[in-house]
Amino acid sequence: MTDLPAAAGEYLAIRRALGFKLRGHDRLLAEFIAFLTDTGAPTVTAAAALAWATRPPQLQPVRYAQRLSVVRGFAGYLYALDVAVEVPPLDLLSYRRQRRTPYLYSHADIDALLAATDLLRPSLRAATYRGVFGLLAVTGMRVGEVIALDDGDVDLHAGTVMIREAKFGKHRRLPVHASTVTALRDYAQARAQLCSRPCGSSFFVSTRGTRLIYHCVHTTFAQLLTRAGITAPAGAGAPTIHGLRHRFAVATLRDWYRAGVDVTARLPALSAYMGHAHPGSTYWYLSAAPELLALAAQRLERAAGGPR
């Protein structure tokens, strides 16, 4: 009989070596293996996996599907060691996540949001969050990526920002606009004056000179939304910090359509810039805004009416 705890450790080590983060999978697999032991199951079966995945009451269907997905990956690894193992079929507890239509910030929203940072105290906090939220808006970076930036990652001479060990373990270097370089340089100068002895190498610092905390960034963003008076109309998704990333993607696609650019050819470049694992993740933004759908439809109509 396969030593399941040892096999789970080997499985997770191999997957992580390939770049998968698998946060929380250690705990879930340990719980599943304990469940097998308690029920007397000799190995992994589809029935046991289903029973364990749906065991917690009152969870959303997506959570059940996620729990089963963790076991399915482990079972696929075990099957190569023990043919008695059953791999839960893909259509068992299948669930397709429905993305909410994001709130898309307007230029006026962004201006109001950044203006609201001037009310933050002390001055270092105001400068830091103006830089953070401004960079998020013009690059579509993830919040964690901005927080993780070190001084050496921001090249003001080359006009690039280096993102290391991002989602999926990927690195990428982003060219940024000259106006963004100016804003980053201004922040670096302000930080040098207001925090002469930072506690680490992070580019954006807290009032204590330390790296920003994810929760604090979200809390501050929510406060600024209130101060700026940014609210969603009835029936629309609520404004979130991740909406800045949505806005960047939609604005880029919109500008490409208006300029007559071959969007299909350019989409992989946008996907790489945003750090998506696959261009399919970027295609979703085509349906995120009615304006984009209208522009795409116009492009198709012109193509259909041209020479055949």
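Quick look at the numbers
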| read-out | value |
| --- | --- |
| Filter result for Leu104 (of a type in the set (A, V, I, L, M, F, W, C), part of a loop (DSSP other than H, G, I, E, B), within 20 Å of the chain's Cα centre (by Cα) and at pLDDT below 85) | yes |
| Filter result (among the charged types (D, E, K, R) and outside any helix (DSSP H, G or I)) within region 119-140 | Arg121 |
| Which numbered condition Ala49 misses (of (1) at pLDDT below 90; (2) crowded, with 16+ Cβ neighbours inside 10 Å) | (1) |
| Enumeration of residues in region 247-293 that are small (Gly, Ala, Ser), more than 20 Å from Ser106 (Cβ to Cβ), surrounded by 13 or more Cβ atoms within 10 Å (Cβ to Cβ) and at pLDDT 80 or above | Ser271, Ala272, Gly275 |
| Unmet criterion (only one of (1) part of a helix (DSSP H, G or I); (2) surrounded by 11 or more Cβ atoms within 10 Å (Cβ to Cβ)) for Leu22 | (1) |
| Leading residue by the ranking (farthest from Leu81 (Cα to Cα)) among those in region 25-44 that are of a type outside the set (A, V, I, L, M, F, W, C) and touching a residue at least 24 places away in the same chain (Cβ under 8 Å) | His25 |
| Residues (under 19 Å from Gly200 (Cβ atoms) and buried (at least 19 other Cβ atoms within 10 Å of the Cβ)) located in region 120-152 | Leu124, Ala127, Thr128, Tyr129, Gly131, Val132, Leu135, Val143, Glu145, Val146, Ala148, Leu149 |
| Residue check for Asp91: without any contact (Cβ under 8 Å) to a residue 60 or more places away in the chain, exposed (fewer than 13 other Cβ atoms within 10 Å of the Cβ) and outside any loop (DSSP other than H, G, I, E, B) | no |
| Breaking point among (1) in contact with a Gly (Cβ under 9 Å, 6 or more places away or on another chain); (2) of a type outside the set (Lys, Arg); (3) modelled with pLDDT of 95 or more; (4) crowded, with 17+ Cβ neighbours inside 10 Å, for Ile163 | (3) |
| Single residue of Val83, Val62 found to be out of contact with any helix residue (DSSP H, G or I) (no Cβ under 9 Å at 6 or more places or on another chain) and in contact (Cβ under 8 Å) with a residue 12 or more places away in the chain | Val62 |
| Sole residue being closer than 28 Å to Ala277 by Cα and in contact with a Pro (Cβ under 6 Å, 6 or more places away or on another chain), chosen from Arg16, Arg23, Arg63, Arg72 | Arg72 |
| Breaking point among (1) in contact (Cβ under 8 Å) with a residue 60 or more places away in the chain; (2) surrounded by fewer than 17 Cβ atoms within 10 Å (Cβ to Cβ), for Leu212 | (2) |
| Qualifying position, being modelled with pLDDT of 90 or more and aliphatic (A, V, I, L, M), among Ala80, Ala41, Ala34, Ala17 | Ala34 |
| Some residue of region 62-73 being surrounded by 13 or more Cβ atoms within 10 Å (Cβ to Cβ), assigned to a loop (DSSP other than H, G, I, E, B) and modelled with pLDDT under 90 | no |
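The values are calculated or read from the model by the stated rules, or taken from the named source; none is laboratory data. Since the structure is predicted, the reported quantities are computational estimates derived from the model, not experimental observations. Neighbour counts are summed over all protein chains in view; Cβ atoms, including those assigned to glycine, are modelled from backbone coordinates with ideal geometry.
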